[in-house]
1. Between A:Asp169 and A:Leu94, what length comes free when the chain is fully extended (0.36 nm per residue of separation minus the Cα-Cα distance, one decimal in nm)?
2. Grab the other residues whose beta carbon is less than 13 angstrom from that of A:Ala168, score K and R as +1, D and E as -1, and report the net.
3. Taking neighbour Cβ counts within 10 Å as the exposure measure, how do A:Ser215, A:Ser123 sort from fewest upward?
4. Using modelled amide H (1.01 Å from N, peptide plane; none on Pro or chain starts), what sits under 5 Å from the amide H of A:Leu48, excluding residues fewer than 5 places away?
5. Mind sorting A:Lys31, B:Lys104, A:Lys206, B:Lys41 by how few other Cβ atoms lie within 10 Å of their own Cβ, fewest first?
6. Mean-square fluctuation check for chain A, GNM, Cα pairs under 10 Å: which of A:Gln125, A:Gln150, A:Gln17 is largest?
7. Counting only helical runs of four or more DSSP H residues, what would the 222 nm mean residue ellipticity of chain A come to if each run contributes -39,500 (n - 2.57) and the total is spread over all its residues?
8. Take A:Tyr204 and A:Met121, extend 7 Å from each Cα along the Cα→Cβ direction, and tell me the distance between the two endpoints in nm.
Amino acid sequence: MRILIAEDDITSRAMLQAVLTKWGYHVITAKNGEEAFRMFQDSDAPQLAVLDWEMPEMDGADLCRCLRQQERREPLYLILLTSRDDAGDIVQGLEAGADDYIAKPFDTAELKARVDVGRRMISLQNEMQKREKLSGILELAGAVCHELNQPLQSVFGYSEILLMDLDADDGNYETLKKIQHEIGRIGELTRKIMKITRYQTKPYLKSQIVDIDRSSE
Amino acid sequence: MKEKRILVVDDEPTILNLFTQAFERAGYLVTTAETAEAALKILEKESFWVFFLDLNLPGMSGVDLCRQIRHQYPMAIVYAVTGYASLFELSECRDAGFEDYFTKPAKLSDLVEAADNAFKKLARWKKR
């Protein structure tokens, strides 16, 4: 899993990067809150972050506050790293939008445990978000199939009846065949939508759309 | 003549008209109903062996109607023609006693073939 470290102190940053990389995280680093905030605007920004509280430009608590004010597609899990340890500070940090905090100087075992909790939370939230999206898609799929297949049945069926009465050499025969073929294509699409069991997307222009083929495999 | 009669239930008159035309062209006599309740009323007076039911009906559903029909006439052959069915609904269909199901838009020739097969089956059962 990718993780972002925001820490102005070069030694501390290098140390965090080393241990987190050792534990299997893919680490990207920022030297201050503002740089971190910019990195979070990328479409593939990490969902998990360790943020130092005391940083120039924008501090960790402000960074949490700014990130929480944004509408984000994916959930974030933010851990504040702080030498402040009285209850008031901790409350202030959590209220700014942090999910957890680690007191400096930190114990590496504790750091690992808390970051791992973050990873579990993110996986869980991602899974839940996927399920919610799938259930929304299934509701829409049901409505689309129901509303669309009724008129499709009529058009498809009546064209079939018209074809029964036409000779193959009639000028309208081929035209009607084409119409029927195209309606058949829409019918195939609604059948595919009916088989959706997964939530898969594909890029479309600048956003993502549901990949009907892969979602109905 | 009883053998050649089909009861079609669908809440859309256009679809009823369409299916009626298709089955009549194939030589069947068709009776239609827009609701399950209306279908049950018809069944009080006349009997049928072959049915085509829409699943999504106002009031009683096509699945419940199928259960009632199969309860009354265990030999009846009932087909589902549905605009949408999840996997769960399909298994429920089999459980309710549907012979087979078709998703809309269904080919009329497929529906007629299903009717032909149903009557062939019934004829075979009667001969034994």
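1. Details: separation 75, 0.36 × 75 = 27.00 nm, distance 7.80 nm.
Roughly 19.2 nm would be gained on extension.
2. Details: positive: A:Lys177; negative: A:Asp165, A:Asp167, A:Asp169, A:Asp170, A:Glu174.
Summing Lys/Arg as +1 and Asp/Glu as -1 gives -4.
3. Working: A:Ser215 20, A:Ser123 12.
Fewest-to-most Cβ neighbours within 10 Å comes out as A:Ser123, A:Ser215.
4. Those qualifying (amide H under 5 Å, at least 5 residues apart or on another chain) are A:Leu4, A:Tyr77.
5. Fewest-to-most Cβ neighbours within 10 Å comes out as A:Lys206, B:Lys41, A:Lys31, B:Lys104.
6. Of the options given, A:Gln150 has the highest mean-square fluctuation.
7. Working: 7 runs with 126 residues, N = 217.
Helix contribution divided over all residues of chain A: -19500 deg cm²/dmol.
8. In this crude spin-label approximation the distance works out to 3.4 nm.
Read the figures in this text as sums done on the coordinates, not as results from a lab. A quick note: this is a predicted structure, and the numbers were derived from the prediction, not measured. Ideal geometry is used to build each Cβ from the backbone, glycine not excepted, and the neighbour counts take in all protein chains shown.
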